[in-house]
Every structure is written in C-alpha cells, then in structure tokens.
Amino acid sequence: MPEPDPFRISADEINYLIYAYFKDSGFSHSAFVLRAESKLERSAYYGKSVPRGELVELLGKALLYSEVEAHWRGNNMTLSCTNKFGLLEPHVCSYDPELPPPPPPVSHRVPLASVQPQAHSHGYASSSSESSLKRKASAASSADHPPEKRTRTDGSRDGGLDVRSTSSVERTPSASRASSAAPDHANAALYPSTAKSNGTTISSDPEEHPDGPVRLLKGHKAEVFVCAWNPVNHSALASGSKDSLVHLWNVPGPDPDGNVPSTVDPPIVCAYAAVGDDRDLTSITWSPDGTLVAVGCYDCILRIYDAQGKGYFVQQQQEKGPIFAVRFSPSGRWLLSASLDGSACLWDVKQKQLHAQYRNHKECCLDVDWLSDTQFVTSGSDGVINIMHVDSMKPLKQLVGHEHEVNQVKCNPSRTRIASCSDDMTGRIWNIEDIGSSRTVDDHSLVLSGHTGPVSHIAWAPITISGEHDLVATSSFDGTSRLWDSATGECLCTFHDHKSNVYALAFSPDGRHLATGGADGWLYIYDVAAKEKRWSWHTGSSQPSIFEIVWQQSGNLNRLAMAMERRTVGVVDLTRIPDLQ
C-alpha cells in the first residue's frame, strides 16, 4: 500500500489565498477576475476566512525550508553560503573561499506537497502564485482580514494573561539598565480565585470572571478593524467592522467609589451600511468636539455620523477608490480623506461638501495628518510625502527619501517634525519647522534603520521629559516593536515578544507606557522609561488578531480599547492591574 502524501494542497486553496491577497492589496478588479474565472463561488473554501498575511507567511516558511534543503550536507548545516534566497530566482550557493569547502550534497529530497488541481479550476494556481506578495499592515488594507488560525503560545488558554516575568527585550548599550520590573505574579493576587495552580496563567474572560481587567463588548457580526474613544464624552466608544457596520457603545467608567457597572448596554448601530463585497472599514475618527464620527470604507463612500448614530453626511468620492484614512482638522472645520486613486480630499464639515481634491501622488494616497488647521501632510505608495496648504493644489514641499510606499505619516505634538514609516523597512524623521517661512526646508531625513520587515506603524510619545529628546515607536511585520531617539536615530530598545506581525501600536496619553497588539493574539504593555514588559494578555481565540489599540486617560479613567478579529471589542481597565500603577 503506497504511503500517503504528507499533505495535499488544492488549486482552490491557492486561488483563494491569492484572492485574499488581491482584496487586501486593493486589487479589486484582479480579485473579481480571479473569482470569476476560477469559479471560486463553487469552491468549498469560498467564504472561509484565512489568516491575515497568510500567503506571505507561507511563502516565507517555504523559503526557509528551501534554504535548509539546499544547505543540508549530511549531518551538517553549511552556513558559509553568502547568496540570498528569493522567490523568483534559483539559488546558487556562493561560498567564502577562506572557509573550508562544504561536503558534497545529499541527493535525498523530502517530498513537500502534492498540488491537486480541481475540475473547475482554470490554472490560476500556478500563474498567480508568481505575482507580487505584499499584504499591507494598516487598517486600510484589511479587505479580507481573515480570521487567523496560528499556533498559540504554549501555556496560553482562552482569554489568558501571560504573567511570565521575562520579556524579550533587546537594549542598546546606552539604554541598558538592570531590570526592576515587579514580577508578573502580582496579577494572580488580584484574582486569586482564577489563578492556575502554578500561578503562571489566569483567565480573564469576562463571562467567566467578571471582576477581571478585560471586558469584551459583543455585538459585531464580523471582524472588528477599527475603534476610537470620544475625546469629550469619555464613555463613548466607536468601533467598526468588516461588514461596514459602525457601533457606538456607552462604556461607563468607575463611579466615585470605584464601582464599575457589571453590564454594558447594547450599542447603537449606525445607519447607511455598505452593500456589496467591498465593505471593510479602514479608519474611524471623532471630531474634536465629540459630536461627529467619520469612517473610511472600501466602498469609496465617506460617512459621517452624529453621536446618536444618525447619518450627518454620506458622499461618494468623485473618483471611485477605497478610502484609506480620515482625519478631522484641529478645529473640526475640515475633514481629510486619503484614497486609492492617489488623491486627498478636503471636506467642509459644516457645509457638507467637497472643498478641494489634491492629486499629487502618482499612486495610492495612504495616510494624512494635520500640521495646523490650514496645513496638512499626505503620504503615498509612490514613496513621497507632500506638505500641503488647503488653498493650494500644489505641495508646499515634497519630501523624498523612502524607497517604497509610505504606510503612515505622523506629526509630533509641537508640529515641527514628521515621522514616517515605510515598506522599505525604515522609519524617517523630517524637520519641517521652517514650513511657511522664507527659509528653505531641509530635505535631509533621519533614517531609523533596524527592522527586517515592512514598518507598518509609527507613533510619537505624547509627552517628553524635560531635557530629553522626543521618543518615537515603530512596529513591523518582522514581529518586533522598537523605541527610538528621534534626535539621534538611535534605537533605544527592541521588543521581541510577538511571534507574528505587529498590527497595532499606541502610547498611553501620559507617555509612560507603550501597548502593542498583533496577529498572534497578544497584547503587550511596556514601561517606556524602564524599557520592560509590564503586562500581557491573550485573546484566547482561534481568531486571535488585534487590529487596533486606542488609549484613554482622564480623571480616574485609564483604559484602552482593542479592535479584535474575534468580532468583539476589548476594553482593558488598567487601574485593575497592579504592575501598571
């Protein structure tokens, strides 16, 4: 009897992975053609969720396997090859002549997989697999952010808190210091009835342990991609999901005696949901006065709701293209939107109309941020950053230096510098304090080098200690997050705790802590000054990803909200965590 194949891969599976990649990358037409010609609707896999970034991750693992296979020599792994592996080029080893020659290769080859085309497949499995393999990290690319099914960290359980006192932190010599973190076992004392016998992991599922620090808000029917706290009404939380539905939650904080309501009322579901396949929400933001909430969506329609969930303004852009980012101006007069068509649109909020459309990117406009109520900055997949004035169609200044698309652009609190991050695996700091003056703006940027994957998020520390330089944090698809000195470009430390892509990054408003969330389902909170992990929590789900983190501090409130793949919004009451006090 022949031995069975180790595993089998069908063309349907490959086509569906490529289809998810197309959708995620904004290639809507290519996704439609692939779905039609390969008849994916007839497939048993159609409609199933695949892990976000799975195609790229599987190809990465295949490259690692190929490297092992090519370099295996009997019982030794030859490490002297200096040539890199690639997806499209055959590997030819090149050895350092100063090292002894490797032993002859072993001819045995382990069978990897058997690809079985199906009757209704049309050959896309072989041709499309050679296409580019990029999937974006930002919320804007979440068009099939499918639920993840990754291997969970050993020892975790549903809704588990990681209370190990160790942390994967790498510090540069100048930032190194002795560890002073209190052991994470202090968490077990907070909920002694829920602690496991070894005192290392406790459950925080709110249905099982309502006194835990994490509360899950259930109501969404699809993966939750975005969330935002109201800046004025601190009980109001907005969240948006893959099906385009926006929920407005009333999440009251503790009363003067410290008591928190045991339940949260059902959310208000906003009107004017999208129809069709492209319904993913990409961004959400409140107006400065907390009366309006704006959302960007893949269906090309800008939506603004009032605080009661009623439609205030719904308008399709002049040129169809997913909206990747929306931002209110500091006064709330204007709203900016960034679009796939390469334009940034300026909307007059009070007049409910388009004021101007700026077409200065050759490719997608991916992010926008405000410098003042009249100046703003845009970034695009053409690698260019434009500094704009609302009354001018042409940039005041173009900042060029990134070698790949610029995923995010953020202004520092004083609005004198810009931080950007890119798929070229770098962040950059740009000095713009002379914008608007007669002096020339320096094109030179400070490069933040060290990541080994696309840098998806960048953030400024909101508060800087007197006499010290501003801090910047970055996160990447390499599974790490980093803290940087924005004046020198020095990497102060690297956090290695995540085992997969890092999707979310947020400083606490007081600048004391940094939170990260990722595809592995872990939320990590670090002490910025000590550069140490203080607390962590796992979603405990077969759909583990954390897509966005937003922090809230006001009065006796100190909490963060998480947009999660498991179709829930997580709210963490940080006042209940001793290590964070």
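Please work out if G540 is out of contact with any Asp or Glu (no Cβ under 8 Å at 6 or more places or on another chain), farther than 22 Å from T282 by Cβ and assigned to a loop (DSSP other than H, G, I, E, B).
So G540 fails the test.
Can you spot a residue in the stretch 306-320 that is over 21 Å from the mean Cα position of the chain (by Cα) and buried (at least 23 other Cβ atoms within 10 Å of the Cβ)?
no
Could you check the stretch 263-280 and list, in sequence order, the residues that are farther than 8 Å from L245 by Cα and not in a loop (DSSP other than H, G, I, E, B)?
Matches in the stretch 263-280: I268 only.
What pairs come up if the first residue lies in the stretch 39-60 and is farther than 21 Å from E223 by Cα, the second is surrounded by 14 or more Cβ atoms within 10 Å (Cβ to Cβ), and their beta carbons are under 6 Å apart, counting only those six or more places apart or on different chains?
L40/Y46; S43/D12; L59/L133
Scanning the stretch 431-455 for residues that are open to solvent by 70 Å² or more (accessible area, probe 1.4 Å) and among the β-branched types (V, I, T), which turns out modelled with the lowest pLDDT?
So, considering only residues that are open to solvent by 70 Å² or more (accessible area, probe 1.4 Å) and among the β-branched types (V, I, T), the one modelled with the lowest pLDDT is T440.
For the stretch 490-508, how many residues meet the condition of being in a strand (DSSP E or B) and either farther than 25 Å from Q553 by Cα or outside the structural domain of K410 (by the TED database) (or both)? Spell out how you get there, then give the answer.
Kept after step one, since they are in a strand (DSSP E or B), are these residues of the stretch 490-508: 491-495, 502-507.
In the following step, the residues that additionally are either farther than 25 Å from Q553 by Cα or outside the structural domain of K410 (by the TED database) (or both) were identified as 491-494.
The total comes to 4.
Can we say A344 is among the small types (G, A, S), crowded, with 16+ Cβ neighbours inside 10 Å and touching a residue at least 40 places away in the same chain (Cβ under 8 Å)?
Yes: the conditions hold for A344.
How many of the residues in the stretch 480-489 are among the polar types (S, T, N, Q) and assigned to a strand (DSSP E or B)? Even if it seems obvious, please write down each step before you answer.
As a first pass, look at the stretch 480-489 and keep what is among the polar types (S, T, N, Q): 480-481, 486, 488.
Imposing the further condition that a residue be assigned to a strand (DSSP E or B) reduces the set to 481.
Total meeting the criteria: 1.
Take A529 and tell me if it is aliphatic (A, V, I, L, M) and within 29 Å of D243 (Cβ to Cβ).
Spelling it out, it is not the case that A529 is aliphatic (A, V, I, L, M) and within 29 Å of D243 (Cβ to Cβ).
Whether any residue in the stretch 270-285 is of a type outside the set (V, I, T), over 30 Å from R215 (Cβ atoms) and open to solvent by less than 30 Å² (accessible area, probe 1.4 Å) is what I want to check.
Scanning the stretch 270-285, I find no residue that is of a type outside the set (V, I, T), over 30 Å from R215 (Cβ atoms) and open to solvent by less than 30 Å² (accessible area, probe 1.4 Å), so the answer is no.
Please specify each residue of the stretch 556-575 satisfying the condition of being over 19 Å from G219 (Cβ atoms) and either free of Cβ contacts under 8 Å to residues at least 12 places away in the same chain or in contact with an Asp or Glu (Cβ under 8 Å, 6 or more places away or on another chain) (or both).
N558, the sole residue that qualifies.
Only one residue in L281, L292, L302 is of a type in the set (A, V, I, L, M) and touching a Lys or Arg at 6+ places or on another chain (Cβ under 8 Å), so which one is that? Quick ask: steps written out before the conclusion?
On the way: L292 fails: touching a Lys or Arg at 6+ places or on another chain (Cβ under 8 Å); L302 fails: touching a Lys or Arg at 6+ places or on another chain (Cβ under 8 Å).
None of the other options fit; the residue is L281.
Of the conditions (1) open to solvent by less than 40 Å² (accessible area, probe 1.4 Å); (2) closer than 16 Å to A344 by Cα, S422 satisfies every one except a single condition; which number is it?
Every listed condition holds for S422 apart from (2).
When residues of the stretch 456-479 are filtered for being surrounded by 23 or more Cβ atoms within 10 Å (Cβ to Cβ), β-branched (V, I, T) and either touching a Lys or Arg at 6+ places or on another chain (Cβ under 7 Å) or not in a strand (DSSP E or B) (or both), how many remain?
2
One line per residue, one yes/no per condition, for (1) in contact with a Lys or Arg (Cβ under 9 Å, 6 or more places away or on another chain); (2) within 12 Å of F376 (Cα to Cα); (3) at pLDDT 95 or above:
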| residue | (1), (2), (3) |
| --- | --- |
| Q316 | no, no, no |
| K320 | no, no, no |
| I323 | no, no, no |
| R327 | no, yes, yes |
| P330 | no, yes, yes |
| L335 | yes, yes, yes |
| D341 | yes, no, no |
| D348 | yes, no, yes |
| Q353 | no, no, no |
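Residues D243, D265: which one is within 15 Å of T568 (Cα to Cα), outside the structural domain of G26 (by the TED database) and either open to solvent by 80 Å² or more (accessible area, probe 1.4 Å) or among the small types (G, A, S) (or both)? Quick ask: steps written out before the conclusion?
On the way: D243 fails: either open to solvent by 80 Å² or more (accessible area, probe 1.4 Å) or among the small types (G, A, S) (or both).
The unique qualifying residue is D265.
How many residues does the stretch 551-567 contain that are in a strand (DSSP E or B) and either crowded, with 22+ Cβ neighbours inside 10 Å or not hydroxyl-bearing (S, T, Y) (or both)?
Total satisfying the criteria: 11.
For the stretch 10-28, which positions are at pLDDT below 80 and open to solvent by 20 Å² or more (accessible area, probe 1.4 Å)?
Scanning the stretch 10-28 gives a single hit, S28.
Quick one: V409 ticks every box in (1) within 20 Å of W551 (Cα to Cα); (2) without any contact (Cβ under 8 Å) to a residue 12 or more places away in the chain bar one, so which box is it?
(2)
Got a sec? Which of V409, V400 is at pLDDT 95 or above, under 20 Å from L448 (Cα atoms) and in contact with a strand residue (DSSP E or B) (Cβ under 9 Å, 6 or more places away or on another chain)?
The match here is V409.
Residue by residue through the stretch 367-409, note down the ones that are open to solvent by 10 Å² or more (accessible area, probe 1.4 Å) and among the small types (G, A, S).
S372, S381, S392, G401
The values are calculated or read from the model by the stated rules, or taken from the named source; none is laboratory data. All of these numbers come straight from a predicted model, not from anything done at the bench. Every residue, glycine among them, receives a Cβ derived from its backbone with ideal geometry; neighbour counts consider all protein chains shown. Just so you know, the surface numbers come from the protein's heavy atoms only, side chains and all, with ligands and any DNA or RNA stripped out. Shrake-Rupley method; radii C 1.70, N 1.55, O 1.52, S 1.80 Å.
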